[in-house]
Amino acid sequence: MPRPRGVLGRVQRAVRAARGVTDHPVLRALARVGLVAYGVVHLLIGWLTWRVSRGSEGTDADQTGALQTVAAGPGGAVLLWAIGLGLLALALWQGGEVLLWWHGLLDPAHRTRTAVVCAKCLAKAAVYAVLGVTALLFAVGAEYEADERLREVTGETLEVPGGAVAVGAAAVGVVAVGAYSLWRGATGGFMRDVDLPAAPDRWEPVIEAVGRVGYAAKGVAFGVVGVLLFRAATTADVSTATGLDGAMTTIGRSGAGPALLTVVAVGFAAFGVYALARARYPDRDPSS
């Protein structure tokens, strides 16, 4: 079969070379470290949320709070470096899936489907990369608070023309992410991220159960974050713009706050267990 020539041929050869890098066993091993780190972070978020449900003051039940907990423990700096580099490797490994699907963009019949799949894959990679960079910032001693930074960005955006519309659109996007998480949990689509043929049959229902609970909890949390962000857009009150920790605080102030937070805490811990199972049997199939 003749090799493609011209620009397309060079692009295809470059993609094959890049695909070889993202499929390398070393990167795959580092990505599994990243998945372990991702699971541990969610287990810590679950624990911190449980503490908030019990009235603990000054506890940040979010990613930065989890990383602060790691930093305060024995060998914290070393663990943060491992978490950060592992998550960045995971982002590269996950993003590499685009290299398998990109050619579908050239086919009008499959372009929309391919674009959706690539967008999902890149979104996952972006989440891993942001968390990895945050871990490295903590590793070098930098100060970072996710909620404060979100409020700063929201305030700066609201000051420019059309800023309220932009913040509102971002809020809708966050709510959509929450809805998608709920949908994945309800349909079990997340199981495509696990190499089920490699996993013992007896573990499949356990992985599915904890995954469903975990995705449901994340969906609820993202939904609350989106609603709070939308409130900031409509009222110009930056104080309502908050991240995951603020969402937990809002849930805690409701009538059944402690009970609801306990359920959310269990959900995040369940997602952590699911992520650890995925680390044991990883698959990066984004087609769900």
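The values are calculated or read from the model by the stated rules, or taken from the named source; none is laboratory data. All figures in this text were calculated on a predicted structure; none of them were measured in a lab. Every residue, glycine as well, gets a Cβ built from its backbone with ideal geometry; the counts of neighbours run over all protein chains shown.
Taken across region 244-255, residues that are under 20 Å from TYR180 (Cα atoms), in contact with an Asp or Glu (Cβ under 7 Å, 6 or more places away or on another chain) and of a type outside the set (Gly, Ala, Ser) do occur, with at least one present. Selection of region 166-176 for residues being surrounded by fewer than 17 Cβ atoms within 10 Å (Cβ to Cβ) and either more than 10 Å from VAL227 (Cα to Cα) or of a type in the set (D, E, K, R) (or both) yields ALA166, ALA169, GLY173, ALA176. With respect to being touching a Lys or Arg at 6+ places or on another chain (Cβ under 6 Å), surrounded by 23 or more Cβ atoms within 10 Å (Cβ to Cβ) and either closer than 20 Å to HIS42 by Cβ or of a type outside the set (Phe, Trp, Tyr) (or both), TYR215 fits the description. For region 182-194, the criterion of being within 27 Å of LEU276 (Cα to Cα), in contact with an Asp or Glu (Cβ under 7 Å, 6 or more places away or on another chain), β-branched (Val, Ile, Thr) and surrounded by 14 or more Cβ atoms within 10 Å (Cβ to Cβ) is met by at least one residue. Kindly indicate whether ASP237 is exposed (fewer than 15 other Cβ atoms within 10 Å of the Cβ), touching a residue at least 60 places away in the same chain (Cβ under 8 Å) and either under 21 Å from TRP47 (Cβ atoms) or of a type in the set (Asp, Glu) (or both). Judged against the criteria, ASP237 is not a match.
Does PHE271 meet the test of being hydrophobic (A, V, I, L, M, F, W, C), closer than 28 Å to LEU100 by Cβ, crowded, with 21+ Cβ neighbours inside 10 Å and within 14 Å of the chain's Cα centre (by Cα)? Here the answer is yes, as PHE271 does meet what is asked. Has region 189-200 got at least one residue that is farther than 24 Å from LEU90 by Cβ and part of a helix (DSSP H, G or I)? No: region 189-200 contains no residue that is farther than 24 Å from LEU90 by Cβ and part of a helix (DSSP H, G or I).
VAL117 fulfils the conditions (1) assigned to a helix (DSSP H, G or I); (2) more than 17 Å from the chain's Cα centre (by Cα); (3) of a type in the set (A, V, I, L, M, F, W, C) except for a single criterion, (2).
Listed residues GLU204, GLU152, GLU159; which is within 30 Å of ARG32 (Cβ to Cβ) and of a type in the set (D, E, K, R)?
Testing whether each residue is within 30 Å of ARG32 (Cβ to Cβ) and of a type in the set (D, E, K, R) leaves just GLU204.
For LEU85, the criteria (1) modelled with pLDDT under 80; (2) within 21 Å of the chain's Cα centre (by Cα); (3) over 30 Å from ALA256 (Cβ atoms) hold in every case but one, which is (1).
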